[in-house]
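The block underneath contains the structure these notes are about, expressed in structure tokens.
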Amino acid sequence: MELRELQGYATFFMTIFLVVMMYGYIIHLYRSEKKGERDYEKYGKIALDDEIDSKPIEKNPKISEEKKGANK
Amino acid sequence: MQSNAALEYDYSVAKLFTFTTILFGIIGMLVGTLIAAQLAFPELNYLIGEYGTFSRLRPLHTDVVIYGFMLSGIWATFYYVGQRVLKVSMAESKFLMFMGKFHFYLYFVGALIAVITLLLGITQSKEYAEFEWPIDIVVVLIWVSWGISLFGLIGIRREKSLYISLWYYIAAFLGVAMLYLFNNMAVPTYFVSGGIGSVLHSVSMYSGTNDALVQWWFGHNAVGFVFTVAIIAQIYYFLPKESGQAVYSYKLSLLSFWGLMFVYLWAGSHHLIWSTVPDWMQTMGSIFSVVLILPSWGSAINMLLTMKGEWNQLTENPLIKLMVLASTFYMLSTIEGPIQSIKSVNAIAHFTDWIPGHVHDGVLGWVGFMTMAALYHMAPRIFKREIYSKKLIDVQFWIQTTGIVLYFTSMWIAGITQGMMWRAVDEYGNLMYSFIDTVAILHPYYTIRTVSAVLYFTGFLIFAYNMVKTMTVSKEISQEPTNRTPMAA
């Protein structure tokens with residue numbers, strides 16, 4: 001097989017692979033939301049409710065009790 | 001649980017970077033205006049001897065606006081947004097506070113040395129990577145200090161999930177770190193030659209075509225990870241916050257982010273189309289550039305849709321106007337770039353003025369507007385005073401928008417004229433025009449560009465004036481605004 005031909009096949013299959021990956025990712029995002037496993041949209045509120053004493057959308061479990069002080 | 005009422009976000013580092021954003025913006029854009037004028041009126045090259053020539057000033061313009069103005073803006077916003085979306089104050093860690101200030105002062109000293117060396121003509125002659133090896137080492141230290149601040153802050157966060165903006169700040173950090181290191185691999189000649197020549201001089205570890213490939217892998221991406229990625233970080237925070245609307249689709253932001261991360265790094269070879277690099281690599285750069293439309297427009301459309309049902313804010317709030325137009329210019333720039341990367345279009349566009357035209361609708365419209373809107377949003381929160389004048393923002397907006405439109409339209413015409421003239425042949429296959437013919441015919445467009453540069457720079461001075469007045473004499477505010485930035489009429 002000539003190099004040119006090989007490049008052609010490589011480009012074709014790479015494109016198909018990337019398209020499948022991308023659509024796969026979109027399906028994964030929507031499916032996990034539909035199944036109730038994740039709620040992605042709630043994270044959008046992080047920017048809006050960003051006072052230091054606001055309740056975190058998801059608390060960082062690693063943070064020490066002392067550090068939690070600011071959150072009411 | 002103990003309640004600590006005194007805990008507040010600490011903006012001291014954000015303030016310092018705000019000052020340098022304004023300072024370097026003025027210097028970089030002033031030099032840009034001068035060199036635009038020099039292209040139209042060459043006698044302006046001889047105002048201050050060797051220090052005022054186009055060749056000396058051009059790298060100064062690009063490096064000061066990119067690494068001075070833009071990076072300062074990126075870091076001013078990072079030290080503001082980072083704390084807020086992680087819900088942790090820098091005041092809670094003495095070490096992070098020290099690192100933040102160390103980061104700033106090292107950066108400021110490094111930037112001043114860089115400016116001086118460029119003026120002296122000390123350069124390794126790589127576009128956007130002009131700094132010689134000792135400054136490169138300082139750059140690495142500056143970058144590592146940012147990394148410590150970035151990951152240190154993440155390490156003590158209260159909010160478990162990292163907000164979209166942070167993914168982009170992290171990507172900017174990692175992307176530029178990798179690209180800068182690889183592209184600046186150089187051998188200091190003084191040490192390997194046993195003491196011949198200047199201590200500052202070095203040669204690249206790559207040669208010929210390989211050097212060009214590494215350079216444009218860097219040139220496209222390092223700048224892209226500053227121009228694009230770190231500015232997206234800003235708009236994902238400031239537009240929702242200023243408008244009070246949560247981002248339209250978090251899922252779309254995820255898709256756009258991973259799409260951009262994967263595709264961006266492969267597109268750099270489009271700078272070398274029709275050059276001596278392998279043909280497959282040119283094709284790859286071209287294809288990935290076209291694919292890049294998808295994640296770029298994904299972010300831009302997500303921003304525009306965030307304003308859904310709230311478009312009245314566009315007329316009421318000049319900051320929303322700046323950000324929406326920034327997003328629109330991002331769309332224009334990210335469709336124009338892929339078009340220029342198509343091989344047949346590139347045959348005309350390559351080496352012409354259409355290229356700086358493309359760069360400037362991106363940087364003036366997208367980066368400039370977004371950075372200024374971000375600083376305007378931050379100002380009342382960090383200086384505890386309302387914006388000095390809403391009217392001045394409006395005036396600035398229209399002056400600068402006119403400037404941008406004049407810039408890219410004149411360069412479209414100039415570039416395509418240039419490209420067509422260079423290729424034109426008579427019936428015997430002889431070139432119809434000499435180089436100087438193109439220079440003569442482009443003079444009016446270069447003059448228009450100078451006018452556009454004066455307009456944009458004037459707008460920036462208005463911005464600087466408005467910011468200084470906000471910091472010093474504007475009405476004090478007792479409570480931090482939630483969304484819309486307070487401003488005097």
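Of the residues making up the stretch B:79-114, those that are of a type in the set (Gly, Ala, Ser), more than 20 Å from the chain's Cα centre (by Cα) and either outside any helix (DSSP H, G or I) or within 14 Å of chain A (Cβ to nearest Cβ) (or both) are B:Ser89, B:Ala91, B:Ser93. Return yes when B:Ala6 is surrounded by fewer than 19 Cβ atoms within 10 Å (Cβ to Cβ), within 14 Å of chain A (Cβ to nearest Cβ) and not in a helix (DSSP H, G or I) and no when it is not. Considered against the rule, which asks whether it is surrounded by fewer than 19 Cβ atoms within 10 Å (Cβ to Cβ), within 14 Å of chain A (Cβ to nearest Cβ) and not in a helix (DSSP H, G or I), B:Ala6 comes out as yes. Could you grab the pairs with beta carbons closer than 8 Å, sequence gap of 6+ or different chains, first residue in the stretch B:388-411 and aliphatic (A, V, I, L, M), second one part of a loop (DSSP other than H, G, I, E, B) and crowded, with 20+ Cβ neighbours inside 10 Å? From residues that are aliphatic (A, V, I, L, M), the pairs are B:Met411/B:Asp353. Counting only helices (runs of 4 or more DSSP H) that sit completely within the stretch B:136-242, those holding 1 or more residues that are within 18 Å of B:Met261 (Cα to Cα), modelled with pLDDT of 95 or more and not aromatic (Phe, Trp, Tyr) correspond to B:164-183.
For the stretch A:43-53, taking the residues that are at the interface with chain B (Cβ under 7 Å from one of its Cβ atoms) and under 15 Å from B:Arg381 (Cβ atoms), the one that is surrounded by the most Cβ atoms within 10 Å (Cβ to Cβ) is identified as A:Ala47. I'd like the residue in the stretch A:54-72 that is more than 8 Å from chain B (Cβ to nearest Cβ) and modelled with pLDDT under 90 and, out of all such residues, is surrounded by the most Cβ atoms within 10 Å (Cβ to Cβ). It comes out as A:Lys62. Considering every residue within the stretch B:421-437, establish whether at least one is among the β-branched types (Val, Ile, Thr), touching a helix residue (DSSP H, G or I) at 6+ places or on another chain (Cβ under 7 Å) and at pLDDT 95 or above. No: zero hits.
Among residues of the stretch B:249-267 that are more than 9 Å from every other protein chain (Cβ to nearest Cβ), none has a beta-carbon under 7 Å from a residue that is in a helix (DSSP H, G or I) and of a type in the set (Asp, Glu) at least six positions away or on a different chain.
For the stretch B:328-339, the condition of being crowded, with 24+ Cβ neighbours inside 10 Å and among the aliphatic types (A, V, I, L, M) holds for none of the residues. For the stretch B:283-318, taking the residues that are polar (S, T, N, Q) and within 12 Å of chain A (Cβ to nearest Cβ), the one that is farthest from B:Lys241 (Cα to Cα) is identified as B:Thr283. Can you find, within the stretch B:153-189, the residue that is nearest to B:Leu96 (Cα to Cα) among those that are within 14 Å of chain A (Cβ to nearest Cβ) and in contact with a Ser or Thr (Cβ under 7 Å, 6 or more places away or on another chain)? Ranking the candidates gives B:Ile156 first. Of the numbered criteria (1) free of Cβ contacts under 8 Å to residues at least 60 places away in the same chain; (2) more than 12 Å from chain A (Cβ to nearest Cβ), the one B:Trp280 fails is (2). All of (1) within 14 Å of chain A (Cβ to nearest Cβ); (2) over 20 Å from B:Met331 (Cβ atoms) hold for B:Pro240 with one exception: (2).
The values are calculated or read from the model by the stated rules, or taken from the named source; none is laboratory data. Keep in mind it's a predicted model, so treat the numbers as computed, not measured. Positions of Cβ are generated from backbone atoms using ideal geometry, with glycine treated the same way; all protein chains shown enter the neighbour counts.
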